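See structure below.
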Amino acid sequence: MLAAFLLPATAAEASGPLRTHAQARSKFIGAALATSPLSNETAYRNIAATEFNQITAENAMKWDATEPNPGQFNFSGADAIVNFANQNNQQVHGHTLVWHSQTPGWVQSLGASAMRTAMQNHISQVVGRYASNAAVVSWDVVNEVFEDNGNMRTSFWYNTLGQSYIADAFRAARAADPDARLCINDYNVEGINAKSTAMYNLVSSLRQQGVPVDCVGFQGHLAIQFGFPNDLQQNLQRFAALGVQVRITELDVRMQMPRDSTKDATQATYYRNVVNACLAVSACAGVTIWGFTDKYSWVPDTFPGQGAALIYNESYQQKPSYTAVHDALAGGTTTDPTPPTTPGTPSSSNVTSNSATLTWTASTDSGGSGLAGYNVYREQGTTDTQLGQSTTNSITLTGLTPSTQYQVYVRARDGAGNLSGNSALATFTTTAGPGGGGGCTAVGTVQTQWNNGYVVQPVTVTNGGTSAITGWTVTFTLPAGHTLSGSWNAAVTISGQTVTARNAGHNGNLAPSASTSFGYQVSRPNGNTQTVSGYTCA
Ligand code: XIL
């Protein structure tokens, strides 16, 4: 099967580096660079020079590096980054002038008047040094000034100087380099939420007061287990409407280790989505990845058990996430003719009267569009029916008929819609339900959802058996990070992420084929779009 999706139109384009494609779209594609491998490793240097047209110093321009002692400046690392950029025709984003982290103790212990003077002097010296340097075009003037709830972060800056330090920092930066683009930068502001709305309001009010805020940076430290912020493009667009430039400044997409091909495919989708969101918003200047090789990434040190967040592996080999960034930037449409490999034979477990879990060996996809997931079918001669879809190599089927033999198989699908061959069949038989001839089933409907929560109503419980039942027990699993915030018409107990809902006093008796219902509400992390996917009923 051939299907259209985004890939470069010709082989020559396909082989081009990221920066060539980005430039053709009038965007930058950048990486944060560390000074030590930049001076010591040829492979690191070559990729940094070849693939990117923008760079950010991962640490070398922070206050603890540039002014470790009062008035004593050290630009060795910063200069190394800027010189490299000039040699390779790259632009540099200066990161970062005023931040609560990686700032020496001597700054933090100053009184208000001395602290304001130290801040203005620091900005004037650091920005001033590169004001006439062709490569250095923009600065993160302030970084991470908000708490996640949208309040101002109670950093030493805020505690000593009040909120006015922000406007003062921007004015000092403008004075030091009238041509530099001046940004405010933060994390967890990719989707529309309390924090990004606080950012929006601050930027709007600063600009109304004539404070020179030219640009907003969205860090983009994402994790596949928390879901993709699907309103990223909409959020970038609302900031653009304020008249500022927007940019993704620190993109990485981490995963729980160990890495596998399914996680890689999900990660690639996140990278592709971010690049596409920036391409779709004309005020978005580009995307900077926070490093490029998993050999040097802040993720394993910062988020225990997580890693593999970048677009090259530890041996400088390109990962599916590289291909995703590349193909999104390259943008032309063509075809991926190659289906994924056939999945392994599914094995069944946890078979009940109406549910069963299947697990199989994962497929791989080499056609360019990436593995997207699996379809699970019931073999019924010429009229096979699809029982479910999964993005991982496992699924729990629900709503099955009691005392029934099922023969099932799995097909993998890729991002272009190609389907693999059929796996070998797995056979299992559901158990008899209560009342001998059947059992209960439960089907949930998401009634409404919002950024960080959703309501499921009704969960319809049906007696599918041939005799009356006097009670029912529905179980379901909350996705990671989700918590139950309320329920009605059932008695609910929770163990880990497993929720057990038993009938209330008034709705336990169900004649054959009769139904009743209950409902519940869930809180989830901001931007996470998952909901509960299946139920068992006994
Ligand atoms: C991180 C660096 O990657 C690490 O090497 C360092 O130890 C700590 O800082 N937000 C930012 C970046 O703005 O400066 C941080 O960089 C990551 C989070």
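The values are calculated or read from the model by the stated rules, or taken from the named source; none is laboratory data. Note that this is a predicted model, so its numbers are computed, not measured. No Cβ is skipped: glycine too gets one built from the backbone with ideal geometry, and neighbour counts run over all protein chains shown. Please note that ligands, DNA and RNA were not included when accessible areas were found on the heavy atoms of the full protein model with its side chains. Shrake-Rupley method; radii C 1.70, N 1.55, O 1.52, S 1.80 Å.
Per-structure values
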item: Whole-Å distance, taken between Cα centres, linking the stretch 307-323 and the stretch 17-72; result: 17
item: Peptides ranked, highest mean first, by Cβ atoms within 10 Å: ranges 135-144, 448-457, 19-28; result: 135-144, 19-28, 448-457
item: Accessible surface of the stretch 24-115, 1.4 Å probe, proportion on carbon and sulfur as whole %; result: 45
item: Computed log₁₀ I(q)/I(0) - Debye formula, equal Cα scatterers, no solvent, the stretch 128-207, q 0.14, 0.24, 0.25 Å⁻¹; result: -0.51, -1.15, -1.20
item: Alpha-carbon centroid distance for the pair the stretch 510-538 / the stretch 443-500, whole angstrom; result: 3
item: For the stretch 95-245: span of alpha carbons on each principal axis (Å, largest first); result: 43, 34, 30
item: P(r) histogram, all alpha-carbon pairs of the stretch 181-283 included - 10 Å bins from 0, percent; result: 15, 46, 26, 10, 2, 0
item: Relative contact order (%) - criterion: Cα under 8 Å, at least six apart; region: the stretch 259-354; result: 29
item: Where the stretch 199-262 is the region considered: accessible area per residue in Å², 1.4 Å probe; result: 35
item: Of all accessible heavy-atom area on the stretch 422-482, the percent that carbon and sulfur account for (1.4 Å); result: 54
item: Globularity ratio of the chain, using Cα Rg and 2.2 N^0.38 Å; result: 1.13
item: Interchain or long-range residues, amide H under 5 Å from Ala32's placed H; result: Thr56, Ile289, Trp290, Gly291
item: 21 Å tail of the calculated P(r), the stretch 317-398, as % of Cα pairs; result: 44
item: In degrees, nearest ten, helix 194-208 long axis to first principal axis of the chain (Cα); result: 30
item: Unit charges on C-beta of K, R, D, E only; dipole of the chain, Debye; result: 660
item: Cα centroid separation, the stretch 343-415 to the stretch 160-226 (Å); result: 47
item: Table column - 3J(HN,Hα) (Hz), the stretch 132-147, Karplus curve with 6.51, -1.76, 1.60, x for Gly and Pro; result: 9, 7, 4, 6, 7, 10, 7, 9, 7, 6, 10, 9, 6, 7, 10, 7
